[in-house]
Ligand SMILES: Cc1ncc(COP(=O)(O)O)c(C=O)c1O
């Protein structure tokens, strides 16, 4: 008799994983009744926490209608659009379209950069500059723009040769853009704080000022990939707002649907949208799915009603100080870094072994790292996390690392 994991997995030989039947705040409930402390909000998606019946109810009510083609407004689409423009997006960024997640959003932003340059009469501009390391999704376009060596391995012949700049060196950014010729560059895509590829690598203000200036100087579309860092995860609305980083396009996913629905959004400045007027920019069949939009609206309204972004900042400060106190001098820890409720712990031991040791202790942490960051785990719980939960997270993480790397 195959196990649930064997039955479900696409690939044979999958690692045994718990079957999850319910969620409650910061916990996932397994079929055999264990409560797993979800210290990474799933894949860093569950900002409002689990078991929110109001989200399910909002989605169910909207789904009764059925399907409507992407360009036609519906009440759910309009309400989510207005919520984003009125309460979340920066001034001057009132043009939004929806997708079904992060990869569709980043891939669309790459296409948007190209369409923008073509609309401006610059067909020679096609390259999108990415950073090393970085992750933007699993479509061929997003893989080409990113630098996550383990996830890209083997696909190289299918990927466009997009230029890469280091994540931290402003001089190199200028040099690479000069060498590549700005007249061939359509866009620059960047995670404000690097997620899965770098476990919260954070560049300097000087770096972001340089990126912003060079992109503005050459009219290179600057895309902020806020799929992980958006919607309050770093303790303020958008990750880029910590830095002198002024994007033309903001891309979000994960926290927008809160983990309840597949949902993403791409927002552009009024100038970008105006340039594309009449260009026939194409959407996806499920752009603006009504159930997803209604759920996303309720997720955003929960964040506002319960002041959860401010809570991500205050609980983030508690998490930071407890992580540093407990793990700052640990011989297996290279560095602890992050902002808000978005933390990376770079390790000198196997991240998968630490992740498994944490699961044995009924806790989920997110394995991360690629290129210069060989091993790391990320801690990014739902914003409803309490001080007692944080104590549990830090204690169990310490025990898991001790098990893998004693002394
Ligand atoms: C920064 C970033 N961009 C894009 C993506 C892709 O999002 P999705 O997995 O929803 O397609 C991710 C996913 O982890 C991400 O962290």
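Based on the Kirkwood radius over alpha-carbon pairs, what is the Stokes-Einstein translational diffusion coefficient of region 189-275 at 20 °C with 1.002 mPa s viscosity, in µm²/s?
Numbers: Rh = 13.4 Å.
Answer from the Stokes-Einstein relation: 160 µm²/s.
Here region 206-275 and region 370-394 have alpha carbon centers that stand 23 Å from each other.
Please work out the C-alpha center-to-center distance from region 140-183 to region 69-132 and express it in whole Å. Using only Cα atoms to place each centre, the spacing works out to 21 Å.
For the residues 198, 344, 371, a GNM of the chain with alpha-carbon springs under 10 Å puts the largest fluctuation on 371.
Calculated translational diffusion coefficient of the chain (20 °C, 1.002 mPa s; Stokes-Einstein with Kirkwood radius over alpha-carbon pairs) equals 99 µm²/s.
The alpha-carbon atoms of region 175-225 define a convex hull whose volume equals 84 cubic angstrom per residue. Helices in the chain, meaning DSSP H runs of at least 4 residues, each add -39500 (n - 2.57). Divided by all residues, the mean residue ellipticity at 222 nm is -11500 deg cm²/dmol. With N as its number of residues, region 278-407 has a Cα radius of gyration that, divided by 2.2 N^0.38 Å, comes to 1.31. Please build a GNM for the chain, connecting alpha carbons under 10 Å apart, and tell me which residue among 361, 396, 305 fluctuates the most. Highest fluctuation of the listed residues: 305.
Let me know the volume per residue of the alpha-carbon convex hull for region 90-142, in Å³. Mind showing how you got there, number by number?
Working: hull volume 6.1 nm³, N = 53.
Spread over its residues, the Cα hull of region 90-142 gives 115 Å³ apiece.
For the chain, set up a Gaussian network in which alpha carbons nearer than 10 Å are linked by springs, and say which option among 379, 334, 45 fluctuates the most. Ranking 379, 334, 45 by mean-square fluctuation puts 334 first.
A compact globular protein would have a Cα radius of gyration near 2.2 N^0.38 Å; the ratio found for region 141-299 is 1.09.
None of the figures in this text is laboratory data; all of them are computed from the coordinates on show. Only a predicted model underlies this, so the values are computations on that prediction, with no experimental measurement involved.
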